[in-house]
Each structure stands twice: as C-alpha cells, then as structure tokens.
Amino acid sequence: MTMVIDGIHPFNFGMIADGGQAFRWNLQADGKYIGVVKNYVFEICQKDNKLIIDSNGGNNETEFIKEYLDLYRDYNKIEEEMMKFEELLPVVNYSSGYRILFQDPWETTISFIISANNHIRNIKKTIENICRAYGEPIEFKGEFYYTFPTPEILAGVSEDELKLTKCGYRAKYIIETAKIIASGHVDIYNFNNISTEEMRKKLLMLPGVGRKVADCILLYSMRKFDAFPIDVWIQRILEHIYFSDNRVSLTKLQKFAEDRFGEIAGFVQQYLFYYARNCWQA
DNA sequence: AACCAGGTTATAA
DNA sequence: TTATAACCTGGT
C-alpha cells in the first residue's frame, strides 16, 4: 500500500536514515530509501514537506510508521528550546530536520553492541549478514528482505557460526545478551514506567553494553530523551565548544551535558553529532 | 606496514 | 576511582 503524509517540518529523511541511529536504511538509485522495520519493508520518498511511503503490508502500518518516525512530536518547539543555548545556534541551524526514531529495543541493543569500536560500513554489513542468515524473508516489489532475528534464535547460535557474519569478538556478547533477554532475566520491553537511570542499570547488565551503548538504546528505542550517548565525535565537539579543545574525561562530560541540557540532552546530542561529523573539522 | 574506527572489558595503579 | 591495553574487521 501507499500512504502520503504531508505538512511535516522540520524533517529530512536522508539525515535521519544515514545519521547513525539506524543501520538498515539504504538509499536507492532513484533517491528513495528502503528499509526493514519490524516485519515490514518500507520505501520512503521525501519531497519537501511530503512523505510518500510504500510498504509490503495492508493498512495497519500507517500508525506504526508515524510513531517510528516520531511525527507526533513538535520539533519546532524542541529546536526553539535548543536555540536558547546561544552556542548551539549554528548546530541547530545545520542539523535542522533530524529526528530521533522510535526503534525496537532488541534490534537496537544488538546493533549498538556491534557498533562498539567499529565503522558504520562494517556495522551495516554485519547486521545485514545476521538478518540474511537468521531472519525471516519478506517479499517486496519482487525482492527479498530479511527481518531482524529474535532473541531466541540468536541465543541458540554458536560463537563460531555467528562470527561468519563478521561481528568478530562481539559474537560472544551478542549470544550472551540474547540468552539473557530470551530468558527474561532483563526485560528491555518494559521501559515506559521506569526511569532513565533505572533502565540504564538494567542495560548495563548485558555483556557488550557499556555506558555509551546503553545510552544509545535508551535514546533510540525507549524515548529516554535525557540520555546522552558520548562517542568520540561528541567528545571532540564538546571539548571544542565548552573546554577550549582541552581533553576532558567521559564521566565529566557526561555530567556536564546532563546538567546543562537536562530533558532535551538526547536531541542536543543528535544535532551535535550530525554537525560534528558532517560540517565541523577537528 | 602500522594505524584507526561512533567502546567495552579486564587488569593494574 | 581512574588509567591503559587488547580486541575482530576492513580500509588507507
């Protein structure tokens, strides 16, 4: 089916898809993006403030994709809040149109375990390999796409076999985490009534999940917008803007961002990241 | 050839 | 509590 959603602003799907929060969107030769989300395949084409979305299923994905794309949130208001920090004016201006997707916690957890000390190109390739090997096929416009496998399935894979997907030393983390989640020992789907800090503690129990990965999971799949993942780019840009390019420890930066940006820290992080990677040179 | 990339973990001061 | 090295993989 095809759906058309109009009047979205600010919104730039290219930034959202390639901005590093999701790894399963691919730009086609025709300028449209195709991605697998849950057990759906979506093809998204943006023209100005209009989205034309094609998908494999019936009509029930409209609500789903709107939530996924965070279309119900007023980003004008969020950008206004961010611009109250004068030093962020060029950042907000440059990164306007970015949105934080509402992704699946399990897929996000494994994806960001894979992301540790890794390149985006490798991350995407490994995730694609995992889906092809262990996911379910979906047909869309004559092509086959693959869902992200369940915790139960990855919990049953051997380390040597999983390493064929090029995840390297992260294989044991992925399998152990899958076992913990499949067993129900850590419930990553019950996050709505739990504070960010409490949920973070649970996530840190998973092997391969440290502070940065935990905050990515909180921000990209649990709508914990006070989470502030600090990777090397965020570290560099924070040191540049706020500490005269001096080296500052991660824990200190973490506290600094938490205090300064509070409830909108996650949005600030996203805008800063996009700005740091694509515009500013260290 | 050596080094690095969107970190985590184990080990030592 | 804070600092340092090792770690799969693929590219320069």
**OP:** Take the residues in segment A:256-282 that are more than 13 Å from DNA strand B (Cβ to nearest atom), charged (D, E, K, R) and within 22 Å of the chain's Cα centre (by Cα), then tell me which one is surrounded by the most Cβ atoms within 10 Å (Cβ to Cβ).
**Re:** A:258
Subject >> Subset of segment A:16-27 [at pLDDT below 95 and more than 15 Å from residue A:102 (Cβ to Cβ)] >> reply: A:18, A:20
**OP:** From A:95, A:55, grab the single residue that is within 16 Å of DNA strand B (Cβ to nearest atom) and not hydrophobic (A, V, I, L, M, F, W, C).
**Re:** A:95
Original post:
Within the bounds of segment A:97-104, is there any residue that is touching a residue at least 40 places away in the same chain (Cβ under 8 Å), in contact with a Pro (Cβ under 7 Å, 6 or more places away or on another chain) and part of a loop (DSSP other than H, G, I, E, B)?
Top reply: yes
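To keep it simple, each residue is scored yes or no on (1) closer than 23 Å to residue A:46 by Cα; (2) hydrophobic (A, V, I, L, M, F, W, C).
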position: A:60; (1), (2): yes, no
position: A:68; (1), (2): yes, no
position: A:76; (1), (2): yes, no
position: A:81; (1), (2): no, no
position: A:88; (1), (2): no, yes
position: A:111; (1), (2): no, no
position: A:122; (1), (2): no, no
**OP:** Please verify whether segment A:146-167 includes one or more residues that are in contact with an Asp or Glu (Cβ under 7 Å, 6 or more places away or on another chain), within 16 Å of DNA strand C (Cβ to nearest atom) and not assigned by TED's automatic domain parsing to the domain that holds residue A:33.
**Re:** no
**OP:** Any chance you could count how many residues in segment A:117-134 are without any contact (Cβ under 8 Å) to a residue 24 or more places away in the chain and either away from DNA strand C (no atom under 16 Å from the Cβ) or in contact with a Phe, Trp or Tyr (Cβ under 9 Å, 6 or more places away or on another chain) (or both)?
**Re:** 2
**OP:** Keeping to segment A:201-229, report how many residues are closer than 18 Å to residue A:253 by Cβ and touching a Leu at 6+ places or on another chain (Cβ under 6 Å).
**Re:** 2
Original post:
Among the listed residues A:136, A:80, which satisfies the condition of being over 19 Å from residue A:147 (Cα atoms), away from DNA strand B (no atom under 16 Å from the Cβ) and of a type in the set (Asp, Glu)?
Top reply: A:80
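The values are calculated or read from the model by the stated rules, or taken from the named source; none is laboratory data. Note that the coordinates shown come from a computational prediction; the quantities given were computed from them, not determined experimentally. Here Cβ is always computed from backbone atoms with ideal geometry, including for glycine, and neighbour counts include all displayed protein chains.
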